[in-house]
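Below: the structure, in structure tokens.
The values are calculated or read from the model by the stated rules, or taken from the named source; none is laboratory data. Since the structure is predicted, the reported quantities are computational estimates derived from the model, not experimental observations.
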Amino acid sequence: MDTTLSEPTQSPGSRKGRPNHNPEFRRRLAKAACEPGVSIARLARENGLNANL
């Protein structure tokens, strides 16, 4: 059985095991969170984040 594991691609200074989301993703979520009537907890869950982030 031949299994090849790829090395994780991390940028310098990133912390292992913690996501480092790109700025566009962050901007999009911040803009969505500012919309009237949006549930921040639901928005976080839908995007795979913890609501306290």
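Values for this structure:
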| read-out | value |
| --- | --- |
| Hits in the stretch 19-53 (condition: part of a loop (DSSP other than H, G, I, E, B) and among the charged types (D, E, K, R)) | Glu35 |
| Residue check, Pro12 modelled with pLDDT under 90, more than 15 Å from the chain's Cα centre (by Cα) and not charged (D, E, K, R) | yes |
| Given (1) modelled with pLDDT of 90 or more; (2) under 15 Å from the mean Cα position of the chain (by Cα); (3) not β-branched (Val, Ile, Thr), index of the condition Ser39 fails | (2) |
